[in-house]
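The values are calculated or read from the model by the stated rules, or taken from the named source; none is laboratory data. No experiment lies behind these values; they were computed from the predicted model shown. Note that we place each Cβ from the backbone using ideal geometry, even for glycine, and neighbour counts take in every protein chain shown. Ligands, DNA and RNA are stripped out before the accessible areas are found, and what is left, the full protein with its side chains, is counted by its heavy atoms. Shrake-Rupley method; radii C 1.70, N 1.55, O 1.52, S 1.80 Å.
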Amino acid sequence: MNDSRRRIIEAMDRDEVLRRLTRKQLLRRAGLAIGVVAVVVLAIVELPGLHAVRARFTHADPGWIVVAVFMQVASVASFAVALQRTFRARISPRGAIPLGMTAQGVNAVVPAGGTAGFAFMAVVLTDAGLPAAWTVGRLIGLFVVSSVLVNLALVVIGGGGAALGLLPAGDSLAASIVPAAIALALVASLAWALGPPRRRRLGFVGEALAAGGDLLQGRDPWLAVGALGYIVFDLIALAGALAALGWDGLGLGTVLLGYTLGQIGSVIPLPGTTEGGLVGALVLYGAPLSLAVPAVLVYRTVAVGVPLVLGALGAVGLRGQLSAIGGWGRPSATA
């Protein structure tokens, strides 16, 4: 094992991850997230000058909120599909479902750009007997495919479509072209880094990128369905929240760019950064503030609440899978 790979694996502090994911810690973080939403809702109800926002809530369409809930369930289910296909030689669908559900529950209450759930899965899978280096590499590959590449593709579609006038998104041409150009450059950089000679020079990072490349080269249709569904169903949940509160004729470009660029705020592990990023991005691309604020609150309530419920259910099934380690499958001699 080379030094770079050893450092990465050692950085995956098992005790620290498990300490942060105790029931008490998760409940505390869930309470904090709910508290932030409650404070904002109280402010909307009580503060003067927010009549337009209150009117949105008053006339909300519950049918679209139900759609948002079902889309969030579909997003979590899609992630479980992508997870199972990533480890299909080691994890059965029966094992992937509770693991994926629990990981998404972790992501809901530990704001870290979606990486907290992957750290949790790394600990669980290595404890179950899978080789650490191989497991971490596959998980990073899954993250690159499901979270990075799909989001970059949506930025290209949203920004490029807005720049060409096909997908309305605000009045600024630069605000559409620049994100699309940056996303294209990042995709090209990833493709360049996946080249075998450069991959070798990148050490463990290169091996992780290679895992992502292997997943793509495998052309597994179910992996593609899972990775796309994980992000696209979540995006539709945001669209459902917007539709529930009025929509106001927003273009698809506004929703695509608002969603993808707004999620950048989730990288900052502080309460409210995700919500603030989404509101700011939606307003930048043409959504009225009176619509963006309540729609994001509805969306984030669904995006946190549904994975929390599913994660709690998944944790029960996960304990059963770990007690019968054969459910994961033991690593073969060639792993």
Selection from the stretch 177-198 of residues that are closer than 21 Å to Ser147 by Cα and at pLDDT 85 or above: Val178, Pro179, Ala180, Ala181, Ile182, Ala183, Leu184, Ala185, Leu186
Which listed residue is aromatic (Phe, Trp, Tyr), farther than 25 Å from Leu235 by Cα and at pLDDT 85 or above, from Phe87, Phe143: Phe87
The stretch 199-216 - residue that is open to solvent by less than 70 Å² (accessible area, probe 1.4 Å) and among the hydrophobic types (A, V, I, L, M, F, W, C) and, of those, modelled with the highest pLDDT: Leu215
Hey, Gly161 closer than 23 Å to Gly226 by Cα and either buried (at least 20 other Cβ atoms within 10 Å of the Cβ) or in contact (Cβ under 8 Å) with a residue 40 or more places away in the chain (or both) or not: no
Condition met for Ala82 (touching a Ser or Thr at 6+ places or on another chain (Cβ under 6 Å) and either buried (at least 22 other Cβ atoms within 10 Å of the Cβ) or at pLDDT 70 or above (or both)): yes
Test result for Pro179, under 19 Å from Gly277 (Cα atoms) and either in a helix (DSSP H, G or I) or hydroxyl-bearing (Ser, Thr, Tyr) (or both): yes
Any helices (runs of 4 or more DSSP H) falling wholly within the stretch 239-335 and containing at least 2 residues that are farther than 19 Å from Ser172 by Cα and modelled with pLDDT under 65: 289-323
Test: residue in the stretch 47-60 that is modelled with pLDDT of 85 or more, of a type in the set (Val, Ile, Thr) and open to solvent by 20 Å² or more (accessible area, probe 1.4 Å): no
